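Reviewing the structure listed below.
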Amino acid sequence: MQNITTNSKNLFYQWRRSQIPTKQPVKISKIDNLIIFLICIVISIISSYKLLLNAPLNFSDIFSWLLTFTEALISSGILILVSKKENPTITSRQIILLITLLLAVQASKLALASSISPLSMIIPPALIISQGMGSITALAWVSIASLCWPDPAIAINNNLFLILFVCASVVSLLGGRIRSRAQLLQLSIFVPIGSLLSQWILIGKDKISLVENQEFIFANGNMFSDTLLLAIVMLFTILFIPIFESIFGILTKARLLELADKEKPLIRRLSIEAPGTFEHTLLICGLAEEATRMIGGDIDLIKTGALYHDVGKLHAPNWFIENQDGSRNPHDEIDDPIKSAEVLQAHVDEGLKYARKNRLPKAIANFIPEHQGTLKMGYFFYKAKEKNLDIDENDFRYKGPVPQSKETAILMLADGCEAALRAMNINASDKQALETISKIIYSRQKDGQLQYSNLSQGEIFLIKRAFLNVWKRIRHRRIQYPTSKNNTFS
Ligand SMILES: [Fe+2]
Ligand SMILES: [Fe+2]
């Protein structure tokens, strides 16, 4: 009996460990919460008040108003929950943007529904949301914006509704994956053309009156003018996306790829002033990218984050081992473990300063403190202990915070494994390499560094395999090719 209890306890423990740990909820200040709640109330009022305008009011009118009001309020709440689920690090500013766009669409439906096609009202915001907050959030937004009509008197053609929903869903799905401004431009041309063709097929070509009507651009119910308007609004949206990026701190794929350009001044400086750190960074990019691909994370985010994670070392490159040529080590010269620990911590603090100066988005700047978490600077801690200094272990730990996302956690693990894998013997077996990787990752787990990262045990297993694969590639590169006797190469 006791065995069964112990086994079931063990099983339960293993099962719990294999589950994704609960993530700390996004910290939103009380004022922001209030603003978000008020916007949701306004959305609900706009979406339902017309039901109260029927005179005389009877019980069923009030009941249907209450139902619509609650429906809009719950829909807004669900939208916020979906966005938080998809983006665990979403900020209150971004949530405010998300629901303000919903509010704007509901208001414009009331004011403009009779003169502008719903396509032009719903598709452009869907593009902004998919670019900045992901496809799932955009799809949730599109569903609410398409289904929730504030004025029951506005009857949308069923076919138009279908076209609207399909086009907006395509924009939401593709928008989250688009990796350059050029692709965005293509989308803003092909989606309107697609909507025109489908309107032509499903609604009928009779309603298309072309250039003979001089007022075709704003003519009501004109498919051609609607399409043109949609294309124009989409182009303007693309033009304004960089402004949304800086005001609301949203991070699009195009921005990430721009930042990952190695010709950026800060990265160029790193390659010139701290070449060892730059090499270390490139190797980490490889490790982290492979691991992120394995677990289905955000590859562009981690590639860019990895590139900037150690920029703080620019403040004193030669204090870091990878930039020393072996002749002189400033840490030996000062012979003060406490000062040395301060220099190490400074690479995080200075890194954050560089991030602010270079206007790096928050999601990228987060990699700077989180890749070190609250790790112990073991070497200097034991050196201080050897010297019998009166020290506190916390003085030899980075200030944190520990990784708050899967991507920053992967970077921390890659950072820990990089030096060990680089130093491994070329003849070492895969098993030895995997053991080294597992040991380093286990020590981070045991130290509590991964507790808020959302990484499951299964994902950690995949990360280990990914690091091993990269190591095999590195080993392959280091194997020298045999050269012919007369040193000619083909
Ligand atoms: Fe670092
Ligand atoms: Fe590093």
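Over the stretch 299-355, how many percent of alpha carbon pairs lie in each 10 Å bin up to the one with the longest distance?
23, 45, 25, 7, 0
If you fit an axis through the alpha-carbon atoms of helix 158-175 and take the longest principal axis of the Cα set of the chain, what angle between them do you get, 0 to 90°, nearest 10?
20 degrees
Please state, to two decimals, what the Cα-based radius of gyration of the stretch 338-490 comes to when divided by 2.2 N^0.38 Å (N = residues).
Scaled against compact globular proteins, the figure is 1.28.
Semi-axes of the chain's equivalent ellipsoid from the Cα gyration tensor, sqrt of 5 times each eigenvalue, largest first, rounded to whole Å?
For the chain, the semi-axes come out at 52, 28, 22 Å.
Go through K253/K313; K27/K262; K446/K472 and tell me which ones have a Cα-Cα distance over 29 Å in this structure.
K27/K262
Which of the aspartates and glutamates could be linked to K439 by a straight reach, that is with a Cα gap under 19 Å, when you skip same-chain ones fewer than 8 residues away?
Within the straight-line limit of under 19 Å, K439 reaches these aspartates and glutamates: D415, E418, D430, D447, E459.
Quick check: the angle from helix 406-423's long axis to the longest principal axis of the chain, C-alpha only, nearest 10 degrees?
Tilt relative to the chain: about 30 degrees.
Kindly state, to the nearest 0.05, the FRET efficiency for L34 paired with E273, given R0 = 30 Å and r defined as their beta-carbon distance.
Calculated transfer efficiency: 0.05.
Evaluate the charge dipole of the chain about its Cα centre and quote only its size in Debye, nearest 20, assuming +1 on the Cβ of each Lys and Arg and -1 on the Cβ of each Asp and Glu.
It works out to roughly 1040 debye.
Taking the solvent-accessible surface of protein heavy atoms with a 1.4 Å probe, what is the per residue accessible area of the chain in Å²?
53 Å²
Where does the longest stretch of the chain lie that holds no trypsin sites (Lys or Arg not before Pro) found in a DSSP loop with 14 or fewer other Cβ atoms within 10 Å?
Result for the longest clean stretch: 28-176.
Could you calculate the contour length gain from L389 to L173, that is, 0.36 nm times the residue separation minus the distance between their Cα atoms, to one decimal place in nm?
That works out to 71.9 nm of additional length.
Rounded to whole Å and sorted largest first, what semi-axes of the equivalent ellipsoid does the C-alpha gyration tensor of the stretch 113-200 yield via the square root of 5 times each eigenvalue?
With the √(5λ) rule applied to the stretch 113-200, the semi-axes are 22, 15, 10 Å.
Put one equal scatterer on each alpha carbon of the stretch 255-298, apply the Debye formula with no solvent term, and list log10 I(q)/I(0) at q = 0.16, 0.32, 0.34 1/Å to two decimals.
Summing over Cα pairs of the stretch 255-298 leads to -0.50, -1.05, -1.07.
With an 8 Å cut-off on Cα pairs and a minimum separation of 6 or more residues, tell me the relative contact order of the chain in percent.
About 13 percent, as a whole number.
Taking 0.36 nm per residue of sequence separation and subtracting the Cα-Cα distance, how much length would be gained by fully extending the chain between L11 and N427, in nm to one decimal?
145.9 nm
Length gain on complete extension for the stretch Q183 to D336, per 0.36 nm per residue less the alpha carbon to alpha carbon distance?
The Q183-D336 span can extend by a further 49.6 nm.
With each pseudo-label sitting 7 Å past Cα toward Cβ, what's the S114-S443 distance in nm, one decimal?
So the two model labels end up 7.3 nm from each other.
With a sphere of radius 9 Å drawn around the Cβ of D300, what net charge do the other residues whose Cβ falls strictly inside it have (Lys, Arg +1; Asp, Glu -1)?
+2
Efficiency by 1/(1 + (r/R0)^6): what FRET value for H476 and L57, r their Cβ-Cβ distance, R0 = 56 Å, to the nearest 0.05?
Result of the calculation: an efficiency of 0.10.
Round to the nearest 10 and give me the degree value, 0 to 90, for the angle of helix 59-86's Cα axis relative to the longest principal axis of the chain.
20 degrees
Pull up all non-local amide H partners of R397: gap of 5 or more, or a different chain, and H-to-H distance under 5 Å with H placed in the peptide plane.
For R397, the qualifying residues are M377.
The values are calculated or read from the model by the stated rules, or taken from the named source; none is laboratory data. Computed from a predicted structure; not experimentally measured. All Cβ positions, glycine included, derive from the backbone under ideal geometry; neighbour counts span all protein chains shown. Surface accessibility is based on the protein's heavy atoms, side chains included, excluding ligands, DNA and RNA. Shrake-Rupley method; radii C 1.70, N 1.55, O 1.52, S 1.80 Å.
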